[in-house]
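Notes for the one structure printed next.
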Amino acid sequence: MKASEVKDMTPDQLQDELLKLKKEQFNLRFQGASGQLEKTSRVRQVRRDIARIKTIQRQREVAQVKG
């Protein structure tokens with residue numbers, strides 16, 4: 001997921017995507033612990049997508065307070 005895609009999302013869409021990614025991260029952690037994880041790079045990608053969404057949410061929050 002690219003930052004430009006995240007910026008185009010509405011706050012509700014961001015929240016839904018964040019929830020989906022956190023569930024996926026949880027499942028990936030279990031797969032890794034049990035030795036069933038095939039795409040180890042996906043863990044890093046999901047973690048970065050979560051951070052990207054949280055960053056955009058925070059930027060919007062700060063912009064509302066200032067504006």
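Here is how the numbers come out for the structure above:
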{"read-out": "Burial ordering of T10, T55, fewest other beta-carbon atoms within 10 Å first", "value": "T10, T55"}
{"read-out": "Around T10: net Lys/Arg minus Asp/Glu count, Cβ-Cβ under 13 Å", "value": "-3"}
{"read-out": "Residues L19, L14, L37 arranged by fewest to most Cβ contacts within 10 Å", "value": "L19, L37, L14"}
{"read-out": "Rounded to 10°, Cα long-axis angle of helix 11-34 versus longest principal axis of the chain", "value": "20 degrees"}
{"read-out": "Separation in nanometres of the label points that stand 7 Å from Cα toward Cβ, at K20 and L37", "value": "2.2 nm"}
{"read-out": "Computed lengthening from F30 to I50, 0.36 nm per intervening residue step minus Cα-Cα distance", "value": "5.4 nm"}
{"read-out": "Stokes-Einstein D for the chain, Kirkwood Rh over Cα pairs, 10 °C, 1.306 mPa s (µm²/s)", "value": "123 µm²/s"}
{"read-out": "Total charge dipole magnitude, the chain, about the Cα centre, Cβ charges on Lys, Arg, Asp, Glu only, Debye to nearest 20", "value": "320 debye"}
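Just so you know, all these numbers are worked out from the coordinates, no wet-lab data involved. Note that the coordinates shown come from a computational prediction; the quantities given were computed from them, not determined experimentally. All Cβ positions, even for glycine, are placed from backbone atoms using ideal geometry, and neighbour counts span all protein chains on display.
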